[in-house]
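Read the figures in this text as sums done on the coordinates, not as results from a lab. Values in this document were obtained by computation on a predicted structure and should not be read as measured data. Cβ placement follows ideal geometry from the backbone for every residue including glycine, while neighbour counts extend to all protein chains displayed.
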Amino acid sequence: MTALSSTVAAPQAAPATPDFPAIKARQKATWASGDYAVVGTTLQIVGETVCEAADLRAGETVLDVAAGNGNATLAAARRWCEVTSTDYVPALLERGRERAAAERLHGIEFREADVEALPFDDARFDAVLSTFGCMFAPNPPRTASEMLRVCRPGGRIAMANWTPEGFIGQVFKTVGKHVPPPAGVSSPAMWGTRDRIVALFGDEATKIDTQTRQFMFRYRSAEHMLEVFRGYYGPILKAFAALDADGQAALAEDLVAQMHRFDKGGDRGLVVASDYLEIVITRR
């Protein structure tokens with residue numbers, strides 16, 4: 001008679017519950033470091049195309065969440081909308097104010113606010129916009145719920161979010177290998193997938209349109225791009241600050257190699273193609 005043996009699996013530890021207040025405090029400090037506006041202003045064309053995708057009309061009320069230095073804000077104001085521009089980093093809102101004043105754009109209110117706890121009434125806005133902003137909030141279901149709440153029935157939520165396989169998505173992955181992200185928090189690049197958008201917004205949407213587009217980062221060289229990102233783009237600045245000299249050299253080498261891998265510019269300057277998902281959600 002053969003004895004039967006069984007293997008009992010060791011109990012697995014429960015998944016870590018993210019400490020959202022602590023994560024958000026660190027994120028706020030990250031985005032307040034450097035000067036994101038130096039990088040952000042190069043992305044202005046995406047604010048314009050998102051406003052076109054949302055089919056904004058003059059006189060509509062528009063909320064720009066996690067607005068940064070105001071790319072979508074300014075684009076909506078150029079279309080004669082009544083715009084509320086929000087971010088939880090006051091210095092970034094100030095950059096938006098400066099740009100609006102320089103262009104003599106009116107009808108914009110700049111207001112400090114967290115996308116996960118928006119200080120606005122239900123159904124307050126005709127359209128809610130985000131260009132590479134809301135995707136960084138640590139609690140995606142809460143973020144989506146707030147964006148839906150303040151958008152009126154029949155209104156639109158329009159976003160541009162970096163994809164996981166595109167250049168910036170791969171930058172997140174590379175940085176994460178050197179400086180691990182907080183436990184329990186998913187990659188912000190998951191906002192650049194249709195599946196994640198449908199999961200977050202589908203129950204409250206009558207239609208979700210998505211299209212993959214490309215933004216071209218244009219710099220003198222990979223070394224120039226690294227210099228700018230390392231000096232001004234908070235997440236990269238903070239990643240380098242967390243490493244010793246050897247770690248910084250390794251991260252720099254990996255990022256430069258990645259820039260070369262996505263480069264389409266050849267010998268006429270760096271042209272890095274980065275995929276993003278353009279999304280327009282019609283609110284139920």
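Structural remarks
- Within straight-line cross-link reach of Lys173, lysines at Cα separation under 26 Å, skipping those fewer than 8 residues along the same chain: Lys24, Lys28, Lys238, Lys264
- Other residues whose C-beta falls under 15 angstrom from the C-beta of Glu60 contribute a net charge of +1, scoring Lys and Arg +1 and Asp and Glu -1.
- Region 174-284: mean projected area of Cα convex hull, nm²: 8.5 nm²
- Paramagnetic reach from Thr212 in region 142-168 [backbone N under 19 Å; point 7 Å along Cα→Cβ]: 159-168
- Near Phe110, the amide H atoms lying under 5 Å from its own belong to Ser85; only residues 5 or more places off or on other chains count, and H is placed 1.01 Å from N.
- HN-Hα J in Hz across region 259-273 - Karplus 6.51, -1.76, 1.60, θ = phi - 60°, x for Gly and Pro: 4, 5, 5, 9, 6, 10, x, x, 8, 10, x, 7, 10, 9, 8
- Residue order, fewest to most beta carbons within 10 Å, for Ser221, Ser186: Ser186, Ser221
- Computed from backbone phi, the HN-Hα couplings of region 177-194 come to 6, 8, 10, x, x, x, 4, x, 9, 6, 4, x, 5, 5, 5, x, 10, 4 Hz, rounded to whole numbers (Karplus: 6.51 cos²θ - 1.76 cosθ + 1.60, θ = phi - 60°; Gly and Pro given as x).
- Annotation for region 235-251 versus region 56-75: alpha-carbon center distance of 34 Å.
- By the equivalent-ellipsoid construction on the alpha carbon gyration tensor, region 220-268 comes out with semi-axes of 21, 12, 8 Å, ordered largest to smallest.
- The chain: most fluctuating residue of Pro181, Pro235, Pro164 per GNM, C-alpha cutoff 10 Å: Pro181
- Descending semi-axes in whole angstrom, ellipsoid equivalent of region 86-236, from the Cα gyration tensor: 27, 22, 15
- The 3J(HN,Hα) values that the Karplus relation (6.51, -1.76, 1.60; θ = phi - 60°) gives for region 72-84 are, in residue order, 6, 4, 5, 4, 5, 5, 5, 9, 6, 8, 8, 10, 10 Hz. Gly and Pro appear as x.
- If you run the Gaussian network model on the chain, springs between alpha carbon atoms under 10 Å, then out of Asp19, Asp114, Asp64 the most flexible one is Asp19.
- For the chain, the spread of Cα positions along each principal axis, largest first, Å: 83, 51, 33
- Diffusion coefficient, µm² s⁻¹, Stokes-Einstein with Kirkwood Rh over alpha-carbon pairs of region 34-157 at 25 °C and 0.890 mPa s: 175 µm²/s
- With R₀ fixed at 51 Å, the C-beta to C-beta distance from Arg104 to Asp246 puts the FRET efficiency at about 0.50.
- Gaussian network model of the chain, Cα within-10 Å springs - most flexible of Arg104, Arg124, Arg57: Arg104
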